[in-house]
1. Starting from the stretch A:973-1001, keep only residues that are modelled with pLDDT under 80, then list their pairs with residues that are among the small types (Gly, Ala, Ser) whose Cβ atoms are within a distance under 8 Å, requiring at least 6 positions of separation or different chains.
2. Check off (1) part of a helix (DSSP H, G or I); (2) of a type outside the set (Gly, Ala, Ser); (3) within 14 Å of chain A (Cβ to nearest Cβ); (4) buried (at least 22 other Cβ atoms within 10 Å of the Cβ) for B:LYS158 and give me the number that stays unchecked.
3. Among the residues of the stretch B:92-143, which ones are of a type in the set (Ser, Thr, Tyr) and touching a Ser or Thr at 6+ places or on another chain (Cβ under 7 Å)?
4. Could you tell me which residue of the stretch B:110-132 is surrounded by the fewest Cβ atoms within 10 Å (Cβ to Cβ), considering only residues that are within 30 Å of the chain's Cα centre (by Cα) and not in a helix (DSSP H, G or I)?
5. Please go through the stretch B:1-41 and pick out each residue that is aliphatic (A, V, I, L, M) and more than 19 Å from the chain's Cα centre (by Cα).
6. Tell me, please, whether a residue that is at pLDDT below 85 and hydroxyl-bearing (Ser, Thr, Tyr) can be found in the stretch A:1090-1106.
7. If you check every pair at least six apart or on different chains, which have Cβ atoms under 6 Å apart with a residue in the stretch B:192-207 that is in contact (Cβ under 8 Å) with a residue 40 or more places away in the chain and among the β-branched types (Val, Ile, Thr) first and a residue that is surrounded by fewer than 18 Cβ atoms within 10 Å (Cβ to Cβ) and part of a loop (DSSP other than H, G, I, E, B) second?
8. If I ask for residues that are more than 17 Å from A:ALA1078 (Cβ to Cβ) and at the interface with chain B (Cβ under 8 Å from one of its Cβ atoms), which ones from the stretch A:1014-1040 would you list?
Amino acid sequence: MAAVLESLLREEVSVAAAVRWIARSAQSSEDDPGEAAALSSLRPLRKEFVPFLLNFLREQSSRVLPQGPPTPAKAPGSSAALPGRPGGPPRGGRGARSQLFPPTESSSAAAAEAPSARRGGRRRGPGPGRERGGRGPGGLEEGVGGESQLWPGGRRSRGSGSPGSPSLVRSDPPNLSNLEEFPPVGSVPPGPAGTKPSRRINPTPVSEERSLSKPKTCFTSPPINCVPSSQPSVPDTSPWGHGLPPGCRSLQEEREMLRKERSKQLQQSPSTTCATSELGPPLPSWTGNLTAESADPARVSSRQRLELIALVYSSCIAENLVPNLFLELFFVLQLLTARRMVATKDGDLEPSPGAPDSLESPLFQSVHDCVFFAVQVLEHQFQVLSYLDKGTLKLLAENERLLCFSPALQGRLRAAYEGSVAKVSLAMPPSAQAVSFQPETDNRANFSSDRAFHTFKKQRDVFFEVLREWEDRHEEPGWDFEKGLGSRIRAMMGQLSAACSHSHFVRLFQKQLLQMCQSPGGTGGTVLGEAPDVLSMLGADKLGRLRRLQERLVAPQSSGGPCPPPTFPGCQGFFRDFILSASSFQFNQHLMDSLSLKIRELNSLALPQPEPSDEDGESDVDWQGERRQFAMVLLSLRLLAKFLGFVAFLPYRGPEPPPTRELQDSILALRSQVPPALDVRALLQQGLRARRAVLTVPWLVEFLSLADHIVPLLDYYRSIFTVLLHLHRSLVLSKESEGEMCFLNKLLLLAVLGWLFQIPTVPEDLFFLEEGQLDALEVDTVASELGLDGMPVVDQHLLYTCCPYIGELRKLLASWVSGSSGRSGGFVRKITPTTTTGLGAQPPRTSQGLQAQLAQAFFHNQPPSLRRTVEFVAERIGSNCVKHIKATLVADLVRQAESLLQEQLVTQGQDGGDPAQLLEILCSQLCPHGAQALTQGREFCQKKSPGAVRALLPEETPAAVLSSAENIAVGLATEKACTWLSANITALIRREVKAAVSRTLRAQGPEAAARGERRGCSRACEHHAPLPSHLISEIKDVLSLAVGPRDPEEGVSPDHLEQLLGQLGQTLQCRQFLCPPAEQHLAKCSVDLASLLVADHIPVLGPPSPRGLERGQARRLLHVLLSLWKDDFQVPVPLQLLLSPRNVGLLADTRPREWDLLLFLLRELVEKGLMGRTEIEDCLGSLRDAQWPKDFSEELATLFHLFLAEPHRPEPQLRACELVQTNRGTVLAQS
Amino acid sequence: MILTKAQYDEIAQCLVSVPPTRQSLRKLKQRFPSQSQATLLSIFSQEYQKHIKRTHAKHHTSEAIESYYQRYLNGVGRNGAAPVLLELANEVDYAPSLMAPVILERFLQEHEETPPSKSVINSMLRDPSQIPDGVLANQVYQCIVNDCCYGPLVDCIKHAIGHEHEVLLRDMLLEKNLSFLDEDQLRAKGYDKTPDFILQVPVAVEGHIIHWIESKASFGDECSHQAYLHDQFWSYWNRFGPGLVIYWYGFIQELDCNRERGILLKACFPTDIVTLCHSVA
């Protein structure tokens, strides 16, 4: 590979030809024959060039970005031939790949030491670096790659740097070697057998001291030289041709060979070319010195060479030959912001005068070189840069090195900054908002039984309780999801027995997921780096809020680096942990079903239609809406797909790939017959065909990012990866022609795909290996249609929301400005989605037919908003129509049912017969009327739709268009309503009538009379009457005083009693506050009070009559009571209690016994028609059965006779009363 | 009547082992003249109920029942007109209205062939005239009218108070022109949990958005508030979003700590209400 670079440097081959050579396997006619010859000899190496170049650059930069390899580069070293491919015999293990740095004599100890140290740091096994492996609450015990940091629950301990060199922590330059900022993206081989592919190339053969002193800052994945030094390297006969010895795959060895070829015997140990290996443990040149060396364009050492390599490198980037665009940009920005060069011991860095333009001498000999190279690349990448967010542009434009090295580029960047509107706003952290209760889906009718309904009711509450607790506590140190909530969640899941309950719960879960993880809680968020705007936007009263926001902004936020592993940030963590803790197979299955359905639904949602491109303000407004809707759908899809991937691959997820080929094969055989949870391949192909990749690919990436190690090896998914790789290659940003995808759309896809290719579970070699097969694969897009891809649906905000890691560029630049190391992780919070509203209703799918076709055709030449309006109106009116029918026709039928039922009850007696039978009779009478629903529905739609359409369309809509739109809306609404009605009206009537019947029958119960016919207040009533509760309370006090025990000074004044009864009258007349139970108790208390009056048991206050009430007063009070009973009570008064043994017995205690009041009362009752004579006679009769003292029995008998003896006419009764009144207490004696 | 925790504790302190009679209540009013009578009664009732919940079980052991019954029989044997049952309840520190069914059940067990059902007992408590023994009927009646914390009358008063405040609240909402759905309407629609009122258009009270209002005609102490939160308020929040609880007889200030979360406490109908402005364009 070096040979290719060499020939480039020697100008034997032009850059353009080289890039063409790399990008395409076939030679192009443009190629110069000489070039072609030079390259064709290297043909077998073609696809290894890019990985070589990337590794070369990383390695060369290691002195500037000294601690470990600077930037992750997921590139296999070189010839990683597939087993069985022609040109190389099968190798030992899967993924065995080239080693940049096979162990040499000088570094063998380090090589043996380093891997274990690193592994210890990355894995949970016992090892020196164990301290990092703290498992987070609820995290997957053995998550992808066994790395706790893949799962956000696992909070990484911040203290890095070994005890031996604490100062290193502070003094680190912004570099990627920090594990915390750049979590490893590689996976570790389980044992010595694993010649493990690595994600990041570590070009540094670390010295022993270093690996011991800084085990954790050693970068990430295992070093490329994984084969322990004690073992011989795996024989490698990769197709080098050229007689190179086997195993010769590292840069150094290659160099070694070049040296031989040129007969240059430079006596230096191979390791010395790696600056970092020379570093002593304390890294003296770094500690305590953060100031950056100034970079001077005049001091660049070998301009031409740098320019050339920059050009090759840029071309590779431009052709999408690198796996991850943004990773390379990040690397370049690192070079731009490199602080100083690390000095080496032996001065090896001096350019060797003999071969200034060869690979012999280091590429970057000074900071000046780095900056020069970086600026060169940035100039080539200006177009991409210009699409970054405003904040990044500002930082770039203000970078003094950039200004110094390329004022022209700086000028362009400044212009781009000034012209940019790409503010990326930060959303407020969403607060939990509960999914609202929707009667349509949540009421009793949607459940199989009362029990299921009530269980779900409880579950909803438990779910939110758990959620609230999580919100409160998940940030507390030491809190553990599983410990805190696990058992409660499982108990709740245990109650979900019926399948129907599962689906209800899953719906709730999914809705809440979308609501919490996709909505920012209403507020639009604030804008980065625009503090004054923020202030004015929020207003003064929001200052507190702003302060809190600022606190959050400046709080260190651990970031995942430019290619973080998939995580579940924020609220998503709750849902992930919930799924894990619930560990319910049924739940997972229902969830997958539901997620798949929703994904399909959203993925096929009709999104913005291509609109005739008029650039006026109106369409601009429309486009904002379209973009918002697209963003919302895309973000929802990504969220759903991520969770689908999580749940679908959960059972297969293991810490590491299978250790042996045999095991892997057997797993593959097993897995290949498992159908995918969702046919994502078909959806991807559909998406590509319909030119909707910009919608489909981002969510597919989310789904795949959670796949397990085996997935990419399965034929089904392998073919998906192949398509994605092809797509990636085809998204050349510089190509801008008619029918091409929009720039930002491409950028989004490149970013997400690049990220996917760095995911630990995706084999590292995939990107470079599959390449060869791509040419065969062509996706046949429907060329005529300009799908979503060609529409500017992605803006910077969406880009940064989907790919927050792009923000790392800004962080890097910002940390350069602030002079901080960036170790604290920067200050940019993760960007979360900001869209709020619901996903909107899906337009109805109309049945096919000529009319439908005509309607389609009609819409074709109208703005899409017209179609949306019509569909929306039809959908709403149709739905309203159903509601209207329910409220009118069905309600009428229910009323009829009620009156029919009443008749039935009257004719058949109280119970009315079997309720089920009654229902049948009623339904058979009423259901036929349901047919009217269709006519009424049609009328409703006819009447309502046109107005709505007219109100929503622009005034200027031509009359013909308007009337067509109205007619279509009427038709669609009618269709919708009538379809529903004809299918459901009978069932609906039945249900409502059934409810009415049970209501009516219940109303026939004992309290029915109480509820019977009730009068309200009079119209003039101002509701000032005393409250019933107050009266009951007052009367209760009187009763308790009367019954005793009481203190000697306690009593009731007659005035108070009269007042009380007066108030009772007022209360009974004002019905405002009176409820039946209260009235019943008042009635009963009034009877008790009457009995106490009759028995003269009311203790009266004051001197005039110390013992009891005056007879006259008592009689007056009884009169009041009688009239209340007669006129004011609307509930039955239990008057028979007046003659209950207990109340009559009260008389037994009084001496002398006075019966006149009782007799008076009885007569009044009869006279007022409150009780019938026979009723009283019955009561009196039964009184005689009770046990009484003998004299009392006799007196009672006398009373009985006296009452019976009275004539049945009112006149004499009156006289008798008067008689009784005049001769108080002697009535019985006289008779 | 919003009390601080300290104020509340001071009142609660005075209620330890006080029988639930009108005399006790009178003394309490004299002790805390500045507090409203209703608030004091509500606190008294709640404290007493907590006390009864703690000690309830010990009055229902068979030994205890037997001993009470014998004491009752001895008492009425001496003088049937004396408040035997009431005094027994006060002596053993149990609610008179709860002591009554204990003795009644024991009595019926002795005098009837079949053991009495709960509903028969309850019916007799509501209407002591049905009790076959005249003396016991009077004793039971006396217990019920003298108990200010338990019993059918007290239950009815509490129910009535609750109803009255709902009506008051409804009037205030109507007066403010805030349209709402009440519990009955919600239930008819099939809602599984129903606050007293759901506002059809949310309003802001003291800067907090509210969707529903629950009226509580009691004092909000820690115990009852926690129970309400768990059984009602959070359930409402889970379905309808943030809302307002009115404790008409006041509450402990410190409990109003979920405002940000979406549960606002007030002791009266709020005055600071902001409604959604409809643009008059």
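The values are calculated or read from the model by the stated rules, or taken from the named source; none is laboratory data. Since the structure is predicted, the reported quantities are computational estimates derived from the model, not experimental observations. Note that we place each Cβ from the backbone using ideal geometry, even for glycine, and neighbour counts take in every protein chain shown.
1. Close Cβ pairs satisfying both conditions: A:ALA996/A:ALA897; A:VAL997/A:ALA897; A:LEU1001/A:GLY912.
2. (4)
3. Within the stretch B:92-143, just B:SER129 meets the criteria.
4. Here the residue is B:SER117.
5. B:ALA6
6. Within the stretch A:1090-1106, one or more residues are at pLDDT below 85 and hydroxyl-bearing (Ser, Thr, Tyr).
7. Hits for this filter: B:VAL201/B:LEU276; B:VAL203/B:THR275.
8. Scanning the stretch A:1014-1040 gives a single hit, A:SER1040.
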